[in-house]
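The values are calculated or read from the model by the stated rules, or taken from the named source; none is laboratory data. All figures in this text were calculated on a predicted structure; none of them were measured in a lab. Glycine also receives a Cβ, built like all others from the backbone with ideal geometry; neighbour counts cover every protein chain displayed.
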Amino acid sequence: MIDSARHFLKIATIKRLIQNMPQSKLNILHWHLVDDESFPVKLASHPELAQYGSYSSAKIYTLEDVQGLITFA
């Protein structure tokens, strides 16, 4: 489980985790992305959620980041 709602991880770190999952015989990734503690995803419909809900402006995932990780996995 990756808990980005509480501990922000860079995209490169998440990709490295995904690449190493088969070595540990893991085939399911649970990505806990948002919670009441933070909302680090910038949505087109509600960008203010990430603006006010993330830990900082540098710790935000874009929709392109999320879609790129889904494609990568």
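In table form, for the structure just shown:
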{"item": "Looking only at segment 35-73, and only at residues there that are in a loop (DSSP other than H, G, I, E, B) and under 15 Å from Ile14 (Cβ atoms), the one that is modelled with the lowest pLDDT", "result": "Ala73"}
{"item": "Sole residue being surrounded by 13 or more Cβ atoms within 10 Å (Cβ to Cβ), of a type in the set (D, E, K, R) and touching a helix residue (DSSP H, G or I) at 6+ places or on another chain (Cβ under 9 Å), chosen from Lys15, Lys59", "result": "Lys15"}
{"item": "Subset of segment 26-56 that is surrounded by fewer than 16 Cβ atoms within 10 Å (Cβ to Cβ) and among the hydroxyl-bearing types (Ser, Thr, Tyr) - its residue that is nearest to Ser4 (Cα to Cα)", "result": "Tyr55"}
{"item": "Pair list, Cβ < 7 Å and 6+ apart or interchain, from segment 35-47 residues that are in contact (Cβ under 8 Å) with a residue 12 or more places away in the chain and over 14 Å from Val66 (Cβ atoms) to residues that are small (Gly, Ala, Ser) and part of a loop (DSSP other than H, G, I, E, B)", "result": "Asp35/Ala5; Glu37/Ala5; Ser38/Ala5; Ser38/Ser54"}
{"item": "Qualifying residue in segment 5-26 (condition: aliphatic (A, V, I, L, M), part of a helix (DSSP H, G or I), touching a Gly at 6+ places or on another chain (Cβ under 8 Å) and touching a residue at least 40 places away in the same chain (Cβ under 8 Å))", "result": "yes"}
